[in-house]
Amino acid sequence: MKNQMNKEILNNLYEFWTYVGVKTNTLVKTENYKSISLTNSDWPNRVFSISTKKDILSKIINLSQRKLLSSIIAIPKPNSLEGDTQVELLFRQTNMALELKTIETDFEIDENIHQVKSKDDALNFAKTASEAFGYNVDAEIIYSISDNTSKVKIFSYLKNEKYLGCGIVFFDSNNNAGLHMVGTIPKGRGQGIGTRITKRLILESKTNKNKYCVLHASLMGGKIYNNLGFVSFEEIETYQILGKQ
């Protein structure tokens, strides 16, 4: 059960990135990996869904160093990249899941949380996400994936005419809801905004009759999700492929 749940958590992430790649016409798909390479956005530039076949990582690193693939790899632990001088670990996240039937969602609706529906909404979300996470998020990509709310719902936290937080929920083909890009800008931290956004995304998932909410938590976000009942599974790592020495 634990291994299966971990696979479902990873599947949601990979399916979401695949969806973005298809919507933006930037997805490269082979039998051994998928990749998205964008020029105007750092997100979601990744090589992911990587086969465990021998020498695949070496081939991916070689292609990236030749500028034929993204320079970012997302890969579950355990993997063979630790100690590899051709890569640098950027961050590590914990795979987490919440079984929705086990919780009551009598959450208060926060009127500061607004769904992204227009190009202006997408622009404000992108600015907020870029500040919250420290990398460039392109508004055109956000707008392109906001049109099909049966797959993706995108939210911003707006209080006193200031955008302070953001979050996305993605409904996958396994009837799980993935929580993505939940964050707050530095000025918004310590006010419970991340928790309020997460509760809204859980409520959307419950309304959509999903089985589980799944996500990938940073060290900073892990406590929030534990307090809401999320259970930890394995980890996923993100590496930067370095240029040839």
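The values are calculated or read from the model by the stated rules, or taken from the named source; none is laboratory data. Remember, it's a predicted structure, so these values are computed and weren't measured experimentally. Cβ: placed from backbone, ideal geometry, glycine included. Neighbour counts: every protein chain shown.
Scanning region 69-124 for residues that are surrounded by 13 or more Cβ atoms within 10 Å (Cβ to Cβ) and small (Gly, Ala, Ser), we see that the one that is nearest to residue 38 (Cα to Cα) is 70. Looking across 244, 209, one residue alone is loosely packed, with under 14 Cβ neighbours inside 10 Å, at negative phi and more than 17 Å from the chain's Cα centre (by Cα). It is 244.
Just name the residue that is surrounded by the fewest Cβ atoms within 10 Å (Cβ to Cβ) out of those in region 30-54 that are free of Cβ contacts under 8 Å to residues at least 24 places away in the same chain and not charged (D, E, K, R). Talk me through it step by step, then tell me what you get.
At the first step, the residues of region 30-54 found to be free of Cβ contacts under 8 Å to residues at least 24 places away in the same chain are 30-31, 34, 39, 51-54.
Now narrow it down to the ones that are not charged (D, E, K, R): 30, 39, 51-52.
Values: 30: 12, 39: 7, 51: 12, 52: 11.
Taking the candidates together, the pick is 39.
Here residue 165 fits the description: free of Cβ contacts under 8 Å to residues at least 60 places away in the same chain, surrounded by 17 or more Cβ atoms within 10 Å (Cβ to Cβ) and assigned to a strand (DSSP E or B). Every listed requirement among (1) without any contact (Cβ under 8 Å) to a residue 24 or more places away in the chain; (2) farther than 26 Å from residue 136 by Cβ; (3) in contact with a helix residue (DSSP H, G or I) (Cβ under 6 Å, 6 or more places away or on another chain) is met by residue 27 save one, (2). None of 156, 146, 80 is of a type in the set (Gly, Ala, Ser), touching a helix residue (DSSP H, G or I) at 6+ places or on another chain (Cβ under 7 Å), over 19 Å from residue 206 (Cα atoms) and in the same structural domain as residue 62 (by TED's automatic domain parsing) except 80.
Checking the condition surrounded by fewer than 19 Cβ atoms within 10 Å (Cβ to Cβ), within 17 Å of the chain's Cα centre (by Cα), touching a residue at least 40 places away in the same chain (Cβ under 8 Å) and part of a loop (DSSP other than H, G, I, E, B), which residue from 232, 173 passes?
173
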